[in-house]
Structures are given as C-alpha cells and as structure tokens.
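> Below you will find the structure I want to go over with you.
All of the numbers you see were taken from the coordinates with simple rules; none came from a lab. A quick note: this is a predicted structure, and the numbers were derived from the prediction, not measured. Neighbour counts run over all protein chains shown; Cβ positions are idealised from the backbone, glycine included.
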Amino acid sequence: MFHVKHQIRRLAAGDETALDVFLSQHADSSMHLRANLRRAGFYDRNEPYQGVYIAALAGDAIVGVVAHFWNGMVVVQAPRDVEALTVEAAATSGRKIVGLLGPGDQVTRAQSALGLVRGEATEDSTDDLFALDLATLQIPAALAEGRIVVRHPVATELALVTEWSVAFNCEALGFGESAELRRNCAELIGRLQVERAHFVLQEAGTAVAYAAFNAMLPDMVQLGGVWTPPPLRGRGYARNVVAGALLAARATGVKRATLFTENDNYAAQSAYRSLGFSKIGVYGIVIFP
C-alpha cells in the first residue's frame, strides 16, 4: 500500500487547535479547510461545511490532513502522507468523490492514489495561486470615483445570481447543466446571502458582474465564482467587483486575500494583477462528472 511514518487517525472534538496550528503554517493554500473547520468543527451529519478529517501525526503535532466534505469534495494539505490520508478519508466518509482541491502536486498524488483517471475529469488543472495583502489593494478609478457600486445582492436579485452561478459552474468547472446543479447553486447562493459573502457590481442601476468569498476567516478571505456574463466582458467589471468585495472585507478587519485561476486565463490574471495580487504557488482542482 503506502509507506507512512506517522500515526494516522480521524480527528475529533479537542483536535481543533492542533489542526489550525498546522493549517496556519500553510494558510494561503488551506482556506477551505480552515474556514470549514471554523464553521462546523468535526461534526459530520452531511450538512454544509461538515466533513470527515483524517490526519497524520508526529507525536502530538499534526503534519498532514485530508478532509472529505459534505459536497463530495476532497481537500488536501498533506505534504508527505497525502496518498494514505486521501484513501482513508474517502473510505471513512463513504461519500461519492466529486472532486479534489489543494496544493497542485498533492492533488495529483491524491488522484493517483484513488485510482481516478485523469481523462475522466471534466476539470483537471493546476491553477496559479494568488495572494494580496489588502493594505496594498489597488482600487480601480471607476470604483474609487463612485461611478459604479459594489454591494450585496438584494432578495429580488437572487434568481439572477443563481443563474450566473450555474453558468459559472458550467463554463469554469465543466459541470453539465441539470436540475441537481441548479438546486445546488440555489442552495449555495442562499448560504452566501445569509453569510453576506457575495457581491454584485451595479452600473446604471443594473447588476452586471458578481464575486463571492468561498472561504472566510476573520483575517483572511478567498475569492471564488467571479463572473461577468459573456456579452458584458471586456469592460473591467471583474476587477471592479473583486476590488469592491475586498474593500468590504477590509472594512471588517480582513488583512489578506487569496484566489486561484487558470494559468492561461490571461484576462483574469491581468485583472487580478492590476489589483496587486501576485502569484505565490500553484493549486490543483479536479472535478468529476
């Protein structure tokens, strides 16, 4: 099987601090793990943000962890033991594997350990991981001058942003449009609305672009789901909605932001770099049909 030098076990109540100490050492590539841990701890009743956490320990110190979450995503942060931890997490949860997320090389190793063939994935990429200290955020002129507004969606816009979420999942992640995808996106948008974790860009009274935080901590956020409808692209909306979302986060005390995007998505990369983001590593994302 896999050669493992460390003790492997499922984490439970009382392990929260030890896990966060480890994850804090890899903060920029551990946002999903840290945010879900903060929201749900180690409870696993198949509800949002919950999952099974399997860790490798050297003495009392956690040195690696893999979680299999309620939505089928396997998220890894295990520099040495990712293969064994991934297999154990999937076996313990008993869930279908929808995809994998985490540092690029670890995702590749985890995918191989699970015997999941690369060609079967609808999305299989090693994206560029970007980070920004919000004190250095560069604010676009249109936003700084008040010619456009970034705000939370109102209730009457939730149907629209749900449609945008479906479109994003189909275009960016390779999902097929289906009733299940629509239901999942509607539930996601509902959660984001309650959490005040998503934003629209308004121009001339109309919402024209969208961004969300897919993971949030008191001092750090991770951006995801940035979307501009195709007919409205090329007008700088994406960089403005991201900047507006980050300004809102900064006002609450958030100090740092991360995101990941395809290395050949030159428009997105240009937009993020113009705000001050810089590449700090690579991040793997795999989605299965």
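> Might you report the magnitude of the Cβ-based charge dipole of the chain about its Cα centre, with Lys and Arg at +1 and Asp and Glu at -1, to the nearest 20 debye?
420 debye
> Sticking with this structure for a sec: I need E163, E83, E171 ordered by Cβ neighbour count within 10 Å, fewest first.
Ascending number of Cβ neighbours within 10 Å: E171, E163, E83.
> For C185, C170, what ranking results if the residue with the fewest other Cβ atoms within 10 Å of its Cβ goes first?
C170, C185
> Now, a different point. Can you compute the charge dipole magnitude of segment 7-116 about its Cα centre, using +1 on each Lys and Arg Cβ and -1 on each Asp and Glu Cβ, nothing else charged? Give it in debye, rounded to the nearest 20.
280 debye
> Nearest 0.05, what FRET efficiency do V194 and V21 give at R0 = 22 Å with Cβ-Cβ as r?
0.15
> As a footprinting exposure proxy, order Y53, Y237 by other Cβ within 10 Å, with the fewest listed first.
In order of increasing Cβ crowding within 10 Å: Y237, Y53.
> Another question about this same structure. For L192, what is the net charge nearby, where nearby means another residue's Cβ is under 14 Å from its Cβ and Lys, Arg count +1, Asp, Glu -1?
Combined, the nearby Lys, Arg, Asp and Glu give +1.
> What does the net charge come to around V166 if you take all other residues with beta carbon closer than 13 Å to its beta carbon, with K and R at +1 and D and E at -1?
Working: positive: R182, R183; negative: E163, E171, E177, E180, E187.
Result for the neighbourhood of V166: -3.
> Could you work out how far apart the two model spin labels at A267 and A155 are, taking each label as a point 7 Å from the Cα in the direction of the beta carbon, and quote it in nm?
3.5 nm
> Could you derive backbone 3J(HN,Hα) for segment 252-262 from the dihedral phi with the Karplus parameters 6.51, -1.76 and 1.60 (θ = phi - 60°), listing whole Hz in sequence and x where the residue is Gly or Pro?
9, x, 5, 10, 8, 9, 10, 6, 9, 8, 4
> For K96, give me every one of the aspartates and glutamates with a C-alpha distance below 14 angstrom, ignoring sequence neighbours fewer than eight places off in its own chain.
E88
> Between R80 and R147, what length comes free when the chain is fully extended (0.36 nm per residue of separation minus the Cα-Cα distance, one decimal in nm)?
19.1 nm
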